[in-house]
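A short worksheet on the structure shown next.
The values are calculated or read from the model by the stated rules, or taken from the named source; none is laboratory data. Since this is a predicted model, take the numbers as computed values, not measurements. Every residue, glycine among them, receives a Cβ derived from its backbone with ideal geometry; neighbour counts consider all protein chains shown. All accessible areas refer to the heavy atoms of the entire protein, side chains included, with ligands and DNA or RNA removed. Shrake-Rupley method; radii C 1.70, N 1.55, O 1.52, S 1.80 Å.
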Amino acid sequence: RDSQEANIKSLSGWNQWKRTSHKSWRKVLDEAKDLFSYLELWRHDIHSIEGKFGTGIQSYFSFLRFLVLLNFVIFILMFSFVTLPSVISKYGIFNSSIAKIPASGIEPHCTVYSPSGNKGLVYFYTYLKDLLTGTGFLEVTSLFYGYYTIDSAWISMFRYNLPLAYLLTTFAYLGLSLLWIIKRSVEGFKQNLVHAEDQFQSYCNKVFAGWDFCITDLSAARLKHRSLQYELKTDLEEERLKQKIANRTMKDKLRIYSLRLFLNIIVLAVLSGCFYSIYRATAFSQENSSSNGNNIKFEANLLVQYLPSIVITLANFIAPQIFSVLIRLEDYSPAFEIRLTLLRCVFVRLANIGVLLFSLWSHISSCATDKCNACGYNYELYPCWESEVGQEMYKLLIFDFIIILAVTLFVDFPRKLLVTHCSCKLVQWCGLQEFGISDNVLEIIYGQTICWIGTFYSPLLPAIATIKYFIVFYIKKISLIHTRKPSARPFRASSSNFFFLVVLLIGLLLAFVPVGVSIAYIPSSKACGPFRNFKTSWAVVPDTILGFPTDLQKVLYGIASEAFAVPFFIVVCIVMFYFIALAGAHKRVVEQLREQL
């Protein structure tokens, strides 16, 4: 400090002022950062959970907080650029008005859309059904795509192109989600890379640096002891398996590979059964809820409309149970067992959504008459097919929340009461349900994937997802503290955070496919929505470019041409290979340093 002060005295007045102001500014920023940390959502709750149950379970609740913030930001985007301009212009606020371009070159029968809004005397249970299914009075609100029928809005002297804003905001929320997840994944990947040590270092780290000093609760401390013991047993088991694999004869190898092949055929059969069930349930639901809906009783109609959601939930519950039984017969190492089971569970959950959308689109695009072919989609059953897809995503999101709530209230609480007050050996042997981190994470990633896909068809769906995850946080917290016990299998916070984000990234990439296909290839509804005057949703982009100056058009078309794309792709590949080579060099340096350690 003395030498620094001596150096400062020798500086000029300008440099002294610059140095002092830089230190003051840094101090202000640090204080502001400390202040904002107190405003952080659920700061005290998450620290309390970390203290009682360790960093593994805390990472799940931190991940849940991240999804609440992400959905809130997506909601702000969609509300600000899509919903708000539509509402302002429709009600003439700020001297605004709407402009509707009359349809040209479109068959009149394609433009007929009469939403099933409630008219006349309506029973209370009808409103309840509408709230659960997104039909009736909800269908004509700003929650769904069909509400946004204006082509442009005039707010004072400013012309607002709603179709273009709708498309660009969709790209913005998907791009923002991608960048935010990648940014968090990189931080987790760095920590994961540090912890990817060999067996000897792993043993040393567990013995000398394995304790979690955030733990303050006695039962959590006992659990951590058992967790460390389990980790050491797992390491020993993996070493035993390595020796066993090295000593296998050709006969043993043939037997184990044949068994694994047979078990994987069973896995494929289970997946096929799930997919076929979802396809048939969706077909049955669409055929029976679209027609004769008023002739069916309230309960039966609600069951028919929720049939795909029920079948998907059953598939998500039954398939992982079968996978967990089969994996024990495949003779893998404990760590690989967990990873493979999780991979299969991720696939079944996300693929189920894909099968549902494929089933919907096969019905939407099935045309048997010339009138239907003129529209490009099944206009009789789906006059506004985007709203129909939005309703399916809405039902999936609502049903997922109902299941989470029902399991806590009607399964976990009664089980807790039985274990506490019943001394029966069978009940005590079953014990409390474990709070499985991976299962809970897959549950919320499944819901988030539905939200990403559904936001294009239901712009206010992120608001519902934000409220849902906000309530789920408290449900899971109560469940963890009062009705469940932490999992005996450990989950390291650094690796688990990275795993959560990788699975979330897979869910986002899956969401890109249906949204991209519906924007670029499936003909947009001619009776509703902002794109009714365009062949597809993407057609608004070239139409907008035609209004630009000629020179700017040439630049944009040049960027989109093969002459630009091919060199750009080559440059990107060269940069990518450079970074791969750099990463390889860094890895070798890390290995050398590790050997020296």
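In summary, TYR379 fulfils each of the numbered conditions (1) within 25 Å of SER479 (Cβ to Cβ); (2) at pLDDT below 80 with the single exception of condition (1).
Quick check on my filter: what residues within segment 34-50 are in a helix (DSSP H, G or I), open to solvent by 10 Å² or more (accessible area, probe 1.4 Å) and in contact (Cβ under 8 Å) with a residue 12 or more places away in the chain? Before you say what the answer is, go through the steps one by one.
As a first pass, look at segment 34-50 and keep what is in a helix (DSSP H, G or I): 34-38, 43-50.
Of the ones still in play, those that are also open to solvent by 10 Å² or more (accessible area, probe 1.4 Å) are 34-38, 43-45, 47-48, 50.
Within segment 34-50, ASP45, GLU50 qualify.
GLY584 fulfils the conditions (1) touching a residue at least 60 places away in the same chain (Cβ under 8 Å); (2) open to solvent by less than 50 Å² (accessible area, probe 1.4 Å); (3) farther than 30 Å from SER518 by Cα except for a single criterion, (1). The helices (runs of 4 or more DSSP H) found entirely in segment 395-492 that carry 3 or more residues being β-branched (Val, Ile, Thr) and at pLDDT 90 or above are 437-454, 461-478.
Limited to segment 129-163, what total is found for residues that are out of contact with any helix residue (DSSP H, G or I) (no Cβ under 8 Å at 6 or more places or on another chain) and closer than 27 Å to ILE310 by Cα? Steps first, answer last, please.
Initial filter on segment 129-163 (out of contact with any helix residue (DSSP H, G or I) (no Cβ under 8 Å at 6 or more places or on another chain)): 149, 157-159.
Narrowing further to those that are closer than 27 Å to ILE310 by Cα: none.
Residues flagged as out of contact with any helix residue (DSSP H, G or I) (no Cβ under 8 Å at 6 or more places or on another chain) and closer than 27 Å to ILE310 by Cα within segment 129-163 amount to 0.
This table checks each residue for (1) open to solvent by less than 50 Å² (accessible area, probe 1.4 Å); (2) of a type in the set (Gly, Ala, Ser); (3) farther than 27 Å from SER525 by Cα.
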| residue | (1), (2), (3) |
| --- | --- |
| TYR382 | yes, no, no |
| LEU409 | no, no, yes |
| SER438 | yes, yes, yes |
| THR449 | yes, no, no |
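Using the structure shown, decide if ARG328 is within 26 Å of VAL515 (Cα to Cα) and either part of a helix (DSSP H, G or I) or open to solvent by 40 Å² or more (accessible area, probe 1.4 Å) (or both). Spelling it out, it is not the case that ARG328 is within 26 Å of VAL515 (Cα to Cα) and either part of a helix (DSSP H, G or I) or open to solvent by 40 Å² or more (accessible area, probe 1.4 Å) (or both).
Please go through segment 1-33 and pick out each residue that is over 42 Å from the mean Cα position of the chain (by Cα), in a helix (DSSP H, G or I) and either loosely packed, with under 10 Cβ neighbours inside 10 Å or at pLDDT 80 or above (or both). Full working, then the answer.
So in segment 1-33, the residues over 42 Å from the mean Cα position of the chain (by Cα) come out as 1-21.
If we keep only those that are in a helix (DSSP H, G or I) as well, we get 2-10, 13-21.
Selection gives ASP2, SER3, GLN4, GLU5, ALA6, LYS9, SER10, GLY13, TRP14, SER21.
Selection of segment 303-354 for residues being out of contact with any Lys or Arg (no Cβ under 9 Å at 6 or more places or on another chain) and among the small types (Gly, Ala, Ser) yields SER324, ALA335, ALA351, GLY354. Restricting LEU509, LEU552 to residues that are within 24 Å of SER359 (Cα to Cα), open to solvent by 50 Å² or more (accessible area, probe 1.4 Å) and part of a helix (DSSP H, G or I) narrows the list to LEU509. Being over 28 Å from TYR160 (Cβ atoms) and either surrounded by fewer than 15 Cβ atoms within 10 Å (Cβ to Cβ) or modelled with pLDDT of 75 or more (or both): is that true of LEU67 here? Yes, satisfied. With respect to THR544, is the statement that it is surrounded by 13 or more Cβ atoms within 10 Å (Cβ to Cβ), in contact (Cβ under 8 Å) with a residue 24 or more places away in the chain and of a type in the set (Ser, Thr, Tyr) true? Answer is yes for this residue. So which residues in segment 207-238 are within 21 Å of ILE338 (Cα to Cα) and of a type in the set (Asp, Glu), if there are any at all? The answer is GLU231, ASP235, GLU237, GLU238.
Please go through segment 342-360 and pick out each residue that is within 17 Å of PHE284 (Cα to Cα) and open to solvent by less than 40 Å² (accessible area, probe 1.4 Å). First the steps, then the outcome.
Initial filter on segment 342-360 (within 17 Å of PHE284 (Cα to Cα)): 352-353, 355-360.
Within segment 342-360, ASN352, ILE353, VAL355, LEU356, LEU357, SER359, LEU360 meet the criteria.
Exactly one of (1) surrounded by 13 or more Cβ atoms within 10 Å (Cβ to Cβ); (2) in a helix (DSSP H, G or I) is unmet by VAL571. Its number? Going through the list (1) surrounded by 13 or more Cβ atoms within 10 Å (Cβ to Cβ); (2) in a helix (DSSP H, G or I), VAL571 breaks only (1). Against the condition farther than 30 Å from ASP151 by Cβ and of a type in the set (Phe, Trp, Tyr), how does PHE568 come out, does it pass? For PHE568, the condition - farther than 30 Å from ASP151 by Cβ and of a type in the set (Phe, Trp, Tyr) - is met.
Given the criteria open to solvent by less than 30 Å² (accessible area, probe 1.4 Å), out of contact with any Cys (no Cβ under 9 Å at 6 or more places or on another chain) and farther than 30 Å from PRO383 by Cα, does ILE215 qualify?
Working: open to solvent by less than 30 Å² (accessible area, probe 1.4 Å): yes; out of contact with any Cys (no Cβ under 9 Å at 6 or more places or on another chain): yes; farther than 30 Å from PRO383 by Cα: yes.
It is true that ILE215 is open to solvent by less than 30 Å² (accessible area, probe 1.4 Å), out of contact with any Cys (no Cβ under 9 Å at 6 or more places or on another chain) and farther than 30 Å from PRO383 by Cα.
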